[in-house]
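The values are calculated or read from the model by the stated rules, or taken from the named source; none is laboratory data. This is a predicted model, so every value here is computed, not measured. Every residue, glycine as well, gets a Cβ built from its backbone with ideal geometry; the counts of neighbours run over all protein chains shown. Ligands, DNA and RNA are excluded from the accessible area calculation, which covers all protein heavy atoms including side chains. Shrake-Rupley method; radii C 1.70, N 1.55, O 1.52, S 1.80 Å.
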Amino acid sequence: MNNSSDSTAHSDFTARSDFTARSDFTARSDSTPRSDSTAKVYVPRDSAARSVGADEVADALQLAAARGDFDIEVVRNGSRGMLWLEPLIEVVTPHGRVGYGPVAPSEVEGLLAAGMLDGADHPLRLGVVDELPWLARQTRVTFARVGVTDPLSTQDYLEHGGLAGLRAALELAPEDVVTEVTESGLRGRGGAGFPAGIKWKTVLGCTDELKFVCCNADEGDSGTFADRMVMEGDPFMLIEGMTIAAHAVGASEGYLYIRSEYPDAVATMRAAIGIAREHGWLGKGILGSALDFDLQVRVGAGAYICGEETSMLESLEGKRGMVRAKPPIPAIEGLFGKPTVVNNVLTLATVPIVLADGAKAYQELGVERSRGTQVFQLGGNIAHGGIVETAFGVTLRELVEDYGGGTFSGRPVRTVQVGGPLGAYLPTSMFDLPMDYEAFAAAGAMVGHGGLVVFDDSVDMAAQARFAMEFCAEESCGKCTPCRVGSVRGVEVIDKIVAGEHRDENLALLEDLCDLMTDGSLCAMGGLTPMPVRSALAHFPDDFLGGRRSLEIQPVQATGVRTEGTA
Amino acid sequence: MTTSGSDVTVENVVRRVAAGHRGQRGALLPVLHAVQAELGHVPQEAIPVLADEFNLSRADVHGVVTFYHDFRREPAGRTTVRICRAEACQALGAGSLVGYAREAGLSLGETTADGAVTVEQVFCLGNCALGPTVEVNGRLHGRVGPAQLGAILNGTVSS
Ligand SMILES: Cc1cc2nc3c(=O)[nH]c(=O)nc-3n(C[C@H](O)[C@H](O)[C@H](O)COP(=O)(O)O)c2cc1C
Ligand code: SF4
Ligand code: FES
């Protein structure tokens with residue numbers, strides 16, 4: 001096991017140099033000078049930020065520090081989730097953390113010269129980040145620390161409320177922890193929305209010596225990245241949530257199944273687990289209690305279906321990721337046949353705050369039977385993409401138009417696919433629908449994992465429907481015929497419809513096929529693929545008449561760093 | 001780590017890796033990942049050795065290796081470019097990136113004859129707000145337009 005300590009991991013991200021030549025440029029700035037001479041600058045290490053140059057920005061800052069021109073300590077934090085502003089750097093000032101973004105590496109010199117370290121004015125200056133309306137309007141519960149802290153600093157974690165949930169849980173008997181989670185109304189965030197407390201109660205009720213807690217970090221849906229951001233930005237929170245689950249159900253071993261497409265999340269979680277062990281947050285007698293629990297990371301191997309819980313368990317056992325028939329449910333016969341809690345990353349990451357603040361505080365947020373907050377993820381063709389954590393009940397319009405600021409291309413929004421590749425495509429006429437599991441189900445859609453993928457008017461919906469079938473054919477585990485064969489047929493039939501071959505008969509055939517897949521599939525892969533197909537047909541029938549071609553999409557900026565829009 | 005060149009037979013690598021994972025429950029996937037990390041792919045000769053180590057039939061091991069997209073039966077090119085083709089990247093023109101690669105003579109799933117580049121498709125890299133996304137030798141690039149992809153494919157972007 002690689003238990004490298006956090007202090008060594010950190011020194012890579014930190015640069016200190018002697019104070020020189022600071023006074024004259026401090027004088028140029030109108031902000032209050034800092035009391036100590038080292039300026040603390042946060043540069044995200046989140047992989048989305050890195051994909052648009054955050055590492056190079058950090059390097060440029062380190063270089064300036066190494067030259068002795070500036071006295072800078074660079075801290076690599078998670079991302080605030082305002083992804084269109086990445087790389088978003090923050091400077092600690094007496095007035096708060098002042099943000100600049102999106103910063104290209106070549107702009108670092110100019111920013112330093114302009115007095116960025118004192119929060120001085122600059123065209124890239126965003127103001128105090130916590131006060132930006134986009135962020136201030138949100139209710140950040142699960143994401144409260146993400147982007148604020150250094151993900152691998154135990155000191156940061158404790159200073160920002162870490163371990164309060166676990167300490168509270170350890171004071172309670174397991175059944176009382178289960179009751180607390182049940183009363184909070186927390187439902188599984190992985191898609192199906194099953195109440196977490198009820199699942200835990202089943203596992204607690206089993207008498208087996210060996211039980212497991214498995215965290216589903218497969219996050220295969222397009223348009224979802226919140227699990228990744230939690231793992232990269234606040235890994236101890238997930239460890240804490242899994243440890244609380246272990247105490248609640250009597251489990252001694254945990255597995256974190258992370259998809260291989262997320263190497264940064266894998267590395268951060270492994271480092272965090274090592275640090276947690278060193279601090280007695282994992283292992284024997286956790287925090288001086290009688291609880292023994294340890295945890296390991298397992299890496300998937302590029303199979304969407306392994307996000308389905310029973311398929312994930314098969315994969316953890318070293319097998320092909322074939323879906324198991326239920327019953328038995330994993331809570332009773334799960335990993336290696338033992339009682340197993342399977343929960344999504346966000347579900348488990350939310351547990352510490354529920355225990356720390358109490359069920360009531362969490363339950364008071366939300367609407368109807370959708371309690372608490374949901375972490376919405378705005379992606380696709382959107383101007384202001386990122387993480388919006390807010391109480392359930394927010395409308396699609398608020399998310400896409402207010403937070404999202406419309407499309408990235410500047411063209412009109414045509415549709416939003418909600419809940420991943422198996423979710424419905426909704427037209428703008430349905431934008432007043434509140435985000436609520438039941439309201440969405442009643443409208444023939446699903447909230448799923450809370451991912452929204454926006455498309456502008458250049459989209460060809462027949463092509464999207466075809467892709468849904470193609471994706472199912474590609475990713476089906478192959479166990480049942482409606483999914484394995486039906487999806488291949490689905491692609492063919494859509495092609496015929498678009499080509500105008502016996503259109504009415506083929507439309508009827510497609511309907512039939514969708515019915516068959518819905519009713520006859522063993523799991524939601526085959527069972528829900530008709531949802532995007534049917535919604536595309538229902539709301540955009542003209543696209544299936546064969547006339548439409550995807551309009552030429554404007555290529556986005558090749559440099560990747562600059563996007564228009566501010567908070 | 002291997003000590004001498006002669007140790008680097010497929011069998012030796014597999015046995016050593018498997019020994020390192022003994023005691024772990026259900027270790028076949030971690031072992032396959034480790035074998036691929038060392039050898040660049042999972043060669044056919046590894047299958048019987050894995051079957052022996054895990055007390056499985058060769059057909060079982062073969063079934064696992066072929067089920068997962070990640071495990072390669074052949075080595076990849078020196079640079080692996082993965083273009084995200086999932087919905088959020090589609091919405092920003094991922095299709096035109098695939099078209100661009102194709103015009104440059106690179107089909108998805110294929111390696112150039114000189115072994116320089118392998119281009120593949122992938123479904124979502126978790127960078128859906130900053131698409132189109134391309135991964136080059138494990139490194140993510142967001143907001144990739146055809147020009148930048150061209151630069152990557154020409155090897156002018158180091159990775
Ligand atoms: C095809 C398919 C893919 C799924 N992918 C994921 C996934 O990537 N992450 C996830 O947490 N749940 C996924 N699920 C849902 C899981 O099966 C399961 O319901 C969930 O992990 C339970 O955790 P929760 O109750 O905390 O949501 C998927 C389900 C299906 C049918
Ligand atoms: S519906 Fe598809 S993915 Fe699900 S069990 Fe059947 S074949 Fe496998
Ligand atoms: S859809 Fe391309 S990164 Fe998510």
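Show the residue pairs that are 6+ apart or on different chains and have beta-carbon atoms under 6 Å apart, the first residue being within the stretch B:64-77 and more than 7 Å from every other protein chain (Cβ to nearest Cβ), the second being open to solvent by 50 Å² or more (accessible area, probe 1.4 Å).
B:GLY77/B:THR111
Condition test on A:ALA383, is it among the aliphatic types (A, V, I, L, M), within 14 Å of another protein chain (Cβ to nearest Cβ) and surrounded by fewer than 24 Cβ atoms within 10 Å (Cβ to Cβ)?
Here the answer is yes, as A:ALA383 does meet what is asked.
Can you pull out every residue in the stretch A:291-325 that is near ligand 1 (Cβ under 10 Å from one of its atoms), open to solvent by 30 Å² or more (accessible area, probe 1.4 Å) and part of a loop (DSSP other than H, G, I, E, B)?
A:GLU308
List, please: which pairs have Cβ atoms under 8 Å, are six or more places apart or on different chains, and start with a residue in the stretch A:288-316 that is at positive phi and end with one that is more than 16 Å from ligand 3 (Cβ to nearest atom)?
A:GLY288/A:GLY280; A:GLY302/B:TYR68; A:GLY302/B:ASP70
Test A:THR340 against the criterion of being polar (S, T, N, Q), under 30 Å from B:HIS21 (Cβ atoms) and either away from chain B (no Cβ under 14 Å) or within 16 Å of ligand 3 (Cβ to nearest atom) (or both), and give yes or no.
So A:THR340 fails the test.
Within the bounds of the stretch A:332-341, is there any residue that is within 16 Å of ligand 2 (Cβ to nearest atom) and modelled with pLDDT of 95 or more?
No, the stretch A:332-341 contains no residue that is within 16 Å of ligand 2 (Cβ to nearest atom) and modelled with pLDDT of 95 or more.
Can you name the residue in the stretch B:78-115 that is more than 14 Å from ligand 3 (Cβ to nearest atom) and free of Cβ contacts under 8 Å to residues at least 12 places away in the same chain and is also nearest to the other protein chains (Cβ to nearest Cβ) among such residues?
Residue satisfying both the conditions and the ranking: B:GLY99.
Among the listed residues A:ALA276, A:ALA271, identify the single one that is away from ligand 1 (no atom under 16 Å from the Cβ), surrounded by 22 or more Cβ atoms within 10 Å (Cβ to Cβ) and within 23 Å of the chain's Cα centre (by Cα).
Exactly one of A:ALA276, A:ALA271 is away from ligand 1 (no atom under 16 Å from the Cβ), surrounded by 22 or more Cβ atoms within 10 Å (Cβ to Cβ) and within 23 Å of the chain's Cα centre (by Cα), namely A:ALA276.
Which members of the stretch A:233-260 meet the condition of being farther than 22 Å from A:ARG45 by Cβ and outside any helix (DSSP H, G or I)?
Listed by number, the residues that qualify are A:GLY250, A:ALA251, A:SER252, A:GLU253, A:GLY254, A:TYR255, A:TYR257.
Restricted to the stretch A:174-185, and to residues that are crowded, with 24+ Cβ neighbours inside 10 Å and within 14 Å of ligand 1 (Cβ to nearest atom), which residue is nearest to A:ALA290 (Cα to Cα)?
Step by step, filter the stretch A:174-185, then rank; the result is A:VAL181.
Pairs please, first residue from the stretch A:86-114 and within 14 Å of chain B (Cβ to nearest Cβ), second anywhere and basic (Lys, Arg) and open to solvent by less than 40 Å² (accessible area, probe 1.4 Å), Cβ atoms under 7 Å, 6+ apart in sequence or on different chains.
Qualifying pairs under 7 Å: A:LEU88/A:ARG80.
Scan B:LEU32, B:LEU39, B:LEU56 and give me the residue that is more than 30 Å from A:SER409 (Cβ to Cβ), away from every other protein chain (no Cβ under 13 Å) and out of contact with any strand residue (DSSP E or B) (no Cβ under 6 Å at 6 or more places or on another chain).
Numbers: B:LEU32 fails: away from every other protein chain (no Cβ under 13 Å); B:LEU56 fails: away from every other protein chain (no Cβ under 13 Å).
Matching residue, one of B:LEU32, B:LEU39, B:LEU56: B:LEU39.
Within the stretch B:1-41, track down each residue that is in a helix (DSSP H, G or I), modelled with pLDDT under 95 and open to solvent by less than 80 Å² (accessible area, probe 1.4 Å).
Scanning the stretch B:1-41 gives B:GLY5, B:ASP7.
Got a sec? Which strands (runs of 3 or more DSSP E) wholly within the stretch A:363-435 have at least 3 residues that are among the acidic types (Asp, Glu) and out of contact with any strand residue (DSSP E or B) (no Cβ under 8 Å at 6 or more places or on another chain)?
Output list is empty.
Can you say whether A:THR179 is outside any loop (DSSP other than H, G, I, E, B) and β-branched (Val, Ile, Thr), as far as the supplied structure shows?
yes
What's the total number of residues in the stretch A:304-337 that are in contact with a Ser or Thr (Cβ under 6 Å, 6 or more places away or on another chain) and either under 22 Å from A:PRO421 (Cα atoms) or within 16 Å of ligand 3 (Cβ to nearest atom) (or both)?
Selection size over the stretch A:304-337: 5.
Tell me which of these A:GLY406 doesn't satisfy, since it passes every other one: (1) open to solvent by 10 Å² or more (accessible area, probe 1.4 Å); (2) more than 14 Å from chain B (Cβ to nearest Cβ); (3) closer than 24 Å to A:SER79 by Cβ.
Unmet condition: (2).
Filter the stretch A:122-135 for residues that are in contact (Cβ under 8 Å) with a residue 24 or more places away in the chain and either in a helix (DSSP H, G or I) or more than 30 Å from the chain's Cα centre (by Cα) (or both) and give the result. Lay out the reasoning, then the answer.
Keep residues of the stretch A:122-135 that are in contact (Cβ under 8 Å) with a residue 24 or more places away in the chain, which gives A:124-135.
Correct list: A:VAL129, A:ASP130, A:GLU131, A:PRO133, A:TRP134, A:LEU135.
Checking A:VAL351 against (1) surrounded by 22 or more Cβ atoms within 10 Å (Cβ to Cβ); (2) in contact with a strand residue (DSSP E or B) (Cβ under 8 Å, 6 or more places away or on another chain), which single condition isn't satisfied?
(2)
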